[in-house]
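A short write-up of the structure that comes next.
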Amino acid sequence: MSETVDTDAGTARITWHRARRSRLVLAVGHGAGGGVEARDLQALARVLPGHGVTVALVEQPWRVAGKKVAPAPGTLDAGWRGVWPALGGPGVPVVAGGRSAGARVACRTARDLGARAVLALSFPLHPPGRPERSRADELLGAGVPTLVVQGGRDPFGRPEEFPRGSYDLVEVPCGDHGFAVPKRAPLTQEEALRTLTDAVVRWTGTLV
């Protein structure tokens, strides 16, 4: 089921994948280079409802409007803030999540919005080849329990590049920024996604 929500940045869209008995809502936004069809977001939408977690896939207004280029961070934050009131239900905590640019949005806004926790998929720690331009302050400043799931060969930041902090980090071996693994990798694409979803299932089980 999908619904549209008017925000200060335009009209956003939420696609719901509901658990039969929901103990959490996981709201996840997409990155700057794609939408909610990303393999990791779709894998979460398939798996988590069976574990009592409703998944809300959030499309930012720029994607709904058919634009090709993501706007500035402030506009992304405004779009995310605008959908937040539509995400929660009585007594059901909401986890803010996203992949890549969406993970940055979730980290920047989590505390102000009252998110229970943050799920950061493929957090873009730095632009490829530019480790000096670190965005670690956004991750470290989330202010709520945070799980990072990162591909082992992500050019935006490999797991070993991440600073110490009060967050959990799970590596998807051989995964790139989209969690794709090479055909020669010691695990299949399905196994890589299972590593991701298993980690998120375990982690969400600790939140309630």
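A few points about this structure:
- Among the candidates R63, R104, R116, residue that is open to solvent by 40 Å² or more (accessible area, probe 1.4 Å), farther than 21 Å from A43 by Cα and of a type in the set (K, R): R116
- Test: residue in segment 86-94 that is in a helix (DSSP H, G or I) and of a type outside the set (S, T, N, Q): yes
- Residue that is in contact with a strand residue (DSSP E or B) (Cβ under 7 Å, 6 or more places away or on another chain), touching a residue at least 40 places away in the same chain (Cβ under 8 Å) and under 23 Å from L193 (Cα atoms), where the choices are A43, A27, A78, A32: A27
- Positions within segment 15-24 being open to solvent by less than 70 Å² (accessible area, probe 1.4 Å) and either over 19 Å from C107 (Cα atoms) or free of Cβ contacts under 8 Å to residues at least 60 places away in the same chain (or both), in sequence order: T15, W16, H17, A19, S22
- Taken together, G165, G151 contain a single residue that is open to solvent by 10 Å² or more (accessible area, probe 1.4 Å) and without any contact (Cβ under 8 Å) to a residue 60 or more places away in the chain, which is G165.
- Filter result for A78 (within 22 Å of Q150 (Cα to Cα) and buried (at least 16 other Cβ atoms within 10 Å of the Cβ)): no
- Of all residues in segment 192-201, none satisfies the criterion of being loosely packed, with under 15 Cβ neighbours inside 10 Å and either over 16 Å from the mean Cα position of the chain (by Cα) or not in a helix (DSSP H, G or I) (or both).
Rundown of residues vs (1) β-branched (V, I, T); (2) modelled with pLDDT under 95, yes/no style:
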residue	(1), (2)
V25	yes, no
G35	no, yes
R39	no, no
L44	no, no
G50	no, no
E59	no, no
W84	no, no
G91	no, yes
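- Only one of P159, P124 that is buried (at least 17 other Cβ atoms within 10 Å of the Cβ), within 13 Å of the chain's Cα centre (by Cα) and over 30 Å from G91 (Cβ atoms): P124
- The residue that is surrounded by the most Cβ atoms within 10 Å (Cβ to Cβ), counting only those in segment 25-60 that are assigned to a loop (DSSP other than H, G, I, E, B) and of a type outside the set (G, A, S), is Q60.
The values are calculated or read from the model by the stated rules, or taken from the named source; none is laboratory data. As the structure is a prediction and not an experimental result, all values here were calculated from the model. Positions of Cβ are backbone-derived with ideal geometry, glycine not excepted, and every protein chain shown enters the neighbour counts. Protein only, heavy atoms only, side chains kept; ligands, DNA and RNA dropped before computing areas. Shrake-Rupley method; radii C 1.70, N 1.55, O 1.52, S 1.80 Å.
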